[in-house]
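A short write-up of the structure that comes next.
The values are calculated or read from the model by the stated rules, or taken from the named source; none is laboratory data. Predicted model only: the values in this text are computed from it and were never measured. So basically every Cβ, Gly included, is an ideal-geometry build from the backbone, and we count neighbours across all protein chains shown.
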Amino acid sequence: MKVTVVRSGGFAGIRRRGEADSASDPMLARLVGRVDLGSVPPPGRIPDQFVYDIDIDGRRTTVGEAQLNGPLRELVHHVLGHAE
Amino acid sequence: MRCHIVPPHMLERIARNADDPALRARARRTLALTSAHATERRLAAPAAAPAPSGAAVPNRMIADAGHKERLPGTTARAEGAAATGDTSCDQAYDWLGATFEFYETAYGRNSIDGAGLKMISTVHYGERYDNAFWNGEQMVYGDGDGTIFTDFTGPLDVTGHELTHGVTQYTANLDYSGQSGALNESLSDVFGSLIKQMHLGQTADQADWLIGQGLLAPGVNGVALRSMKEPGTAYDDPQLGKDPQPADMSGYVRTYEDNGGVHINSGIPNRAFYLAAVAIGGHAWEKAGRVWYETLTGGSLASAVDFVGFAAATVQTATRLYGADSAETTAVADAWKGVGVSQ
Ligand SMILES: [Zn+2]
């Protein structure tokens, strides 16, 4: 599965994008299996917090930094670690 | 801190003995802002006596997150306490003082809510955390990664920007999305810059109109994070990319990211403020800043206001303050034309 994460916002407003494929990334495959995008709360409108747009094989969600925890947090940092 | 020409011993005498209560209050405030609690304790009235009227003094608290992401963290420095020796903690404390002083001196505003709200900042948030934010109750600062960003407590305008998000929350409460979100961002940049300008004693033509100058680590190709004077020119770097801010409506960016591009499209109202301030001249916080401040806090701005609505509101405020045919009102109206918000 193809996973894309875009981080936007923050005081600096600098965009970061990362992409990875679980077919060649066993760690990512495990994380994807533990993530439930349906249970993510809507992002709060908190000034200058980071906002994450996550796309797992066409399923999308937006998460605010304050709500980002558990396996989804691990997944986001893992994929952004691959950012160019 | 700003240089105060009056030495502390004279301020103490004024704070105690001056006939004018406003003068006494002002001396007390200056002492509270510039020196440590020793002076404050000497001046402290007996416990039962009420504080002198009009004596707005800051109430600061700096907490240390110890590189975790929990708020607020442990108390590192309370109001009046001596410097800790931790650069981030002491810088955050001083910049809260400068920001408090700005709002008090320029607009008679007592802290974030206008009623003396305690100002709380957490430093050393997260590991190499590249950000600062306002979470609805307090300011939060990361140390930066050291490669791209330095410590976010460093530049005064970052503290001014974050605290102003609090002022906006307690006043017009602009929705942090789309154009009202970009205005929310722009107001934080405007007053962040004005706080720095007052601290440095600069007029509009002397100011750099940069946001986050000093925040980019050595080796990064850029002067700051944003330029109010020339949006889109603050940085151009292989690691960071290029400053994406438009300078006028022809470059307005439509995106769902960043709450609808609030940190991108803020370049447009930022430059409108710059144009108005430079056209009016002098200290920008005195006239252009007052027009923006009274528009923000006047109570008639809708929380979902767009650029056109905000522009009209500033022209209305300028008209009320300076008259319809004044140079100030003309400058404000021309500024919004200059960025393509109005014709
Ligand atoms: Zn902001």
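Quick grid of which residues meet (1) more than 30 Å from residue B:151 (Cβ to Cβ); (2) away from the ligand (no atom under 16 Å from the Cβ):
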{"residue": "A:17", "(1), (2)": "no, yes"}
{"residue": "A:22", "(1), (2)": "yes, yes"}
{"residue": "A:35", "(1), (2)": "yes, yes"}
{"residue": "A:43", "(1), (2)": "no, no"}
{"residue": "A:46", "(1), (2)": "no, no"}
{"residue": "A:56", "(1), (2)": "yes, yes"}
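Residues B:178, B:201: which one is more than 14 Å from residue B:112 (Cβ to Cβ), in contact (Cβ under 8 Å) with a residue 24 or more places away in the chain and more than 18 Å from the chain's Cα centre (by Cα)?
B:178
Of the residues B:79, B:40, which single one is within 29 Å of residue B:212 (Cβ to Cβ) and either modelled with pLDDT of 95 or more or outside the structural domain of residue B:137 (by TED's automatic domain parsing) (or both)?
Details: B:40 fails: within 29 Å of residue B:212 (Cβ to Cβ).
Among B:79, B:40, only B:79 is within 29 Å of residue B:212 (Cβ to Cβ) and either modelled with pLDDT of 95 or more or outside the structural domain of residue B:137 (by TED's automatic domain parsing) (or both).
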> If you check B:248, B:189, B:205, B:236, which single one turns out to be of a type in the set (Asp, Glu) and buried (at least 24 other Cβ atoms within 10 Å of the Cβ)?
Replying inline: B:189
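Among the residues of the stretch B:251-295, which ones are small (Gly, Ala, Ser), surrounded by fewer than 24 Cβ atoms within 10 Å (Cβ to Cβ) and in contact (Cβ under 8 Å) with a residue 60 or more places away in the chain? Explain how you work it out, then say what you get.
Let us first name the residues in the stretch B:251-295 that are small (Gly, Ala, Ser), namely B:251, B:260-261, B:266-267, B:272, B:276-277, B:279, B:281-282, B:284, B:288-289.
Going one step further and asking which of them are surrounded by fewer than 24 Cβ atoms within 10 Å (Cβ to Cβ), we end up with B:251, B:260, B:279, B:281-282.
Within the stretch B:251-295, B:260, B:281, B:282 qualify.
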> In the stretch B:70-108, which residue that is in contact (Cβ under 8 Å) with a residue 60 or more places away in the chain and of a type in the set (Asp, Glu) is surrounded by the most Cβ atoms within 10 Å (Cβ to Cβ)?
Replying inline: B:101
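If you check residue A:18 against the conditions, is it touching a Lys or Arg at 6+ places or on another chain (Cβ under 9 Å) and either surrounded by fewer than 16 Cβ atoms within 10 Å (Cβ to Cβ) or more than 10 Å from chain B (Cβ to nearest Cβ) (or both)?
Working: touching a Lys or Arg at 6+ places or on another chain (Cβ under 9 Å): yes; either surrounded by fewer than 16 Cβ atoms within 10 Å (Cβ to Cβ) or more than 10 Å from chain B (Cβ to nearest Cβ) (or both): yes.
When the stated conditions are applied, residue A:18 passes them.
Just to be sure I understand, how many residues within the stretch B:132-161 are of a type in the set (S, T, N, Q) and more than 16 Å from the chain's Cα centre (by Cα)?
Going residue by residue through the stretch B:132-161, those that are of a type in the set (S, T, N, Q) are B:135, B:138, B:147, B:150, B:153, B:159.
When the remaining residues are screened for being more than 16 Å from the chain's Cα centre (by Cα), the result is B:147, B:150.
Final tally of qualifying residues: 2.
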